[in-house]
Structure formats: structure tokens, C-alpha cells
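To keep things clear, I will list the structure first and then write my remarks on it.
Any read-out appearing in this document is the output of simple, stated calculations on the displayed coordinates, not a laboratory observation. On a predicted model such as this, the values are computed, not experimentally measured, just so you know. With ideal geometry, Cβ positions are generated from the backbone for all residues, glycine too; neighbour counts draw on all protein chains shown.
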Ligand SMILES: [Zn+2]
Ligand SMILES: [Zn+2]
């Protein structure tokens, strides 16, 4: 199972793209501006899209993706998220006023898109091209709107993605329990100077994240995502200073274009 980072920035500018991960060639986790890097052919191969939450930086590529591939595909694109997230998308995005309701066109019986809710903790299984099983499970997160992170499990191990969140114990309890946790992708949006903004918008800042990381007994590679544009180096320096030099080599900024395998 291959995870390619199409976008992982907290914003845009100078080539930065917002959150979207391509799993193999047929699944997306979030549909931020990173999806705009894909070719039309690659966009048309995406059968399943899992959304963490409805903030624009995680969904802005979604309506245009659907519109672009609708005529090129044989079957619908399945849109997965926790039920609360899908309700917001129905009410506020695919409502004909912002974008057409792709779950009803060209017809209710054969739509371009199907809503496919996945409650927290419920595992969605998909075969890969070689007959292996890929598992995707929404996990709790703590953000200002209904939000999930995701636990991805492939043939050789697991990846945990925090989604947008600040401190919440469940992520770390899960991380400690998952056998073969190879990668932890966790956000740290703001530097310590902006801790009030981070707290109000429920994002991590280095001191808070370092405290949680210190309690992690298992040793996955830790990848920091959703860094504020322009502040990436400062946030990573603050984080490395807090966690200490010994741990710092295993805590790195996630990079656009990077590929992780599980
Ligand atoms: Zn958010
Ligand atoms: Zn975000």
C-alpha cells in the first residue's frame, strides 16, 4: 500500500498544496489543492475518496475533481467520511447553490458520486490490484468541526493520520496499541508564539505536540504535516528543541511528493 503526498501544507503559495494523499492509484485521503497536480487520467482512476473534515483546505479539489471525471468513468466515485461530515457536505457544498448535487446527476439510479458513510472505528476494506486487503478506519480527532483521522493498514504495517486536531488521548492510545505502526502523520499547524490561535482553532503547536509525543512508547517514524506556510522551519525547530536531539531524527516534516509504504 503506497501513500503519495500530493499536498500537506497548511496553505498555498510557491508551489505549496493543501492536504491530499493518493493511496495506490485509486483512493484519496482528503481532496485539498494537492489533487490539482494529478493528470486527468489519474483523476479518473480514483474510485474512493475519504474526507477527514469539511474545512476548505481538505475539500477544495473535490467538486472540480468530480466534475472533471464524471464523463470519463463507468461507475460512481464513492465519497466516504463519518456521517456528520457527509451531512455538512450535502448541506453546504453539493446543494446546487455552491455546486451541483452529484449524488443525483445524471440520475438518482446511476449517479456520478455515492455517499458512503463510515462511522468512527468501523473499518472499510478494499482489495488491491494483487488481491491483498487494504483497510481504512476513521479514528477520533479533536477539531472545531466534526473530524476524523484515519488508520490505514496495508500488507506490511500501519499508518496513522491525525487529521486536523489538537491534543486528544485517543490518538496516542491507538498509536500505542497498533502492532507494526510504521508511520505517524500528525499535524502541527502553528508555532508556540501562536498557541492561542492554535488552541482556539484546535490545532497542535510544538509544546503541546512534544508533550504527547513524549508519552509514545512505540517508535513509528513521525511526519509533521499542515505546517503554516512560511513558518515551516521555525515550527520544526521549536518541535525538535522540545523533544530533544535524540528523538529529533525520527520526527521530520512531511514533504509534498513524498511516498510512504505500509
Ligand atoms: Zn481544519
Ligand atoms: Zn486543515
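Need one number: nm distance between label points at residue 40 and residue 234, each 7 Å from Cα along Cα→Cβ, rounded to one decimal.
4.3
From the square roots a ≥ b ≥ c of the eigenvalues of the alpha-carbon gyration tensor of the stretch 102-199, which class results: rounded (a/c under 1.5), prolate (a/b over b/c), or oblate?
Because a/c hits 1.5 or more and a/b fails to exceed b/c, the stretch 102-199 counts as oblate.
Could you tell me what percent of the DSSP beta bridges with both partners in the stretch 2-261 are antiparallel, to the nearest 5?
50
If each of residue 253 and residue 84 carries a label point 7 Å out from its Cα toward its Cβ, how far apart are those two points in nm?
Going by the 7 Å Cα→Cβ label model, 3.2 nm.
Considering just Cα atoms, how many Å³ per residue does the convex hull of the chain enclose?
Numbers: hull volume 31.7 nm³, N = 262.
Dividing the Cα hull volume of the chain by its residue count gives 121 Å³.
Antiparallel DSSP bridges in the stretch 135-262: what percent, to the nearest 5?
DSSP beta bridges in the stretch 135-262 are roughly 45 percent antiparallel.
Which whole-number percentage describes the relative contact order of the stretch 70-168, with Cα contacts under 8 Å and a sequence gap of 6 or more? Mind showing how you got there, number by number?
Numbers: 166 pairs, mean separation 20.7, N = 99.
Rounded, it is 21 percent for the stretch 70-168.
Using alpha carbon centroids, what distance separates the stretch 170-219 and the stretch 61-106, in Å?
31
Tell me the mean residue ellipticity at 222 nm calculated for the chain from its helices only (DSSP H runs of n ≥ 4, each -39500 (n - 2.57), averaged over every residue, nearest 500).
Numbers: 9 runs with 68 residues, N = 262.
After summing the helix terms and dividing by the residues of the chain, the value is -7000 deg cm²/dmol.
What full-extension length gain, to one decimal in nm, is calculated for residue 97 and residue 47 as 0.36 nm per residue of separation minus the Cα-Cα distance? If you can, show how the numbers build up before the last one.
On the way: separation 50, 0.36 × 50 = 18.00 nm, distance 2.52 nm.
That pair, residue 97 and residue 47, stretches by 15.5 nm at full extension.
Name the shape class, rounded, prolate or oblate, that the alpha-carbon gyration tensor gives for the stretch 1-155, where a ≥ b ≥ c are the square roots of its eigenvalues, rounded holds for a/c under 1.5, and otherwise prolate holds if a/b is larger than b/c and oblate otherwise.
rounded
Set the Förster radius R0 to 51 Å, insert the Cβ-Cβ distance between residue 67 and residue 241 as r into 1/(1 + (r/R0)^6), and round the FRET efficiency to 0.05.
In this case the efficiency is close to 0.65.
For 118, 218, what ranking results if the residue with the fewest other Cβ atoms within 10 Å of its Cβ goes first?
218, 118
For residue 145 and residue 122, calculate 0.36 nm times their separation in residues minus their Cα-Cα distance, and state this gained length in nm to one decimal. Could the numbers behind the result be given before it?
On the way: separation 23, 0.36 × 23 = 8.28 nm, distance 1.99 nm.
Additional length available on full extension: 6.3 nm.
So, R0 is 35 Å and r is the distance between the beta-carbons of residue 109 and residue 56; what FRET efficiency does that work out to, to 0.05?
Taking R0 as 35 Å, the efficiency between residue 109 and residue 56 is 0.65.
Calculate, in nm to one decimal, what residue 74 and residue 217 gain on full extension: separation in residues at 0.36 nm each, minus their alpha carbon distance. Mind showing how you got there, number by number?
Values: separation 143, 0.36 × 143 = 51.48 nm, distance 4.67 nm.
My answer for the length gained is 46.8 nm.
Counting other beta carbons within 10 Å of each residue's own, what order do 19, 137 fall into, fewest first?
With the fewest neighbours first, 19, 137 line up as 137, 19.
Show me, bin by bin at 5 Å from 0, the whole-percent P(r) of the stretch 85-130 based on Cα pairs.
Calculated over all Cα pairs of the stretch 85-130, the distribution is 5, 19, 20, 19, 15, 15, 6, 2, 0 percent.
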